[in-house]
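Read-outs: derived from the displayed coordinates by stated rules, not from any lab. What you are looking at is a predicted structure, and each value in this text was computed from that prediction instead of being measured. Ideal geometry is used to build each Cβ from the backbone, glycine not excepted, and the neighbour counts take in all protein chains shown.
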């Protein structure tokens with residue numbers, strides 16, 4: 001019996017090692033490592049119904065509003081112009097001052113129908129990282145980790161000055 005246990009442990013280590021090697025080389029880069037471990041446990045004969053795993057971290061990245069529907073071209077936001085700093089979306093060709101109802105740059109981009117990527121709206125996932133071409137922003141809430149120099153997290157950024165974004 002001891003031999004069978006040693007064999008199964010060795011086989012598990014081999015399968016998990018191969019899976020992680022493939023993950024590190026990029027072959028399985030889209031597969032979370034926990035799924036590799038679960039696959040290895042099933043491969044050595046454990047019942048998949050008895051394996052419990054919980055994934056922690058950001059949800060899958062999203063690009064809301066773009067899937068399965070026609071896109072409107074970018075435009076200035078509806079209503080009266082705001083009195084806040086001017087936000088220019090360079091690639092989209094839209095400039096608009098931040099309004100009192102826009103808490104973040106992402107909310108202004110949404111109001112202008114500008115394609116954005118985001119996942120958390122709180123500065124955790126960094127999905128919304130966007131190059132800041134000029135200007136200064138502050139964050140509310142503060143992100144867990146600041147973005148790289150020259151980038152901004154539009155989901156929780158408010159401009160201090162007029163800004164130009166590469167989007």
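Couple of notes before you dig in:
- Here the gap between residue 133 and residue 35, fully extended at 0.36 nm per residue and compared with their Cα-Cα distance, gives a gain of 31.3 nm.
- With both labels modelled 7 Å from their Cα along Cα-to-Cβ, the residue 110 to residue 91 distance reads 2.0 nm.
- Cα gyration tensor shape of the range 86-165, rounded if a/c is under 1.5, else prolate or oblate by comparing a/b with b/c: rounded
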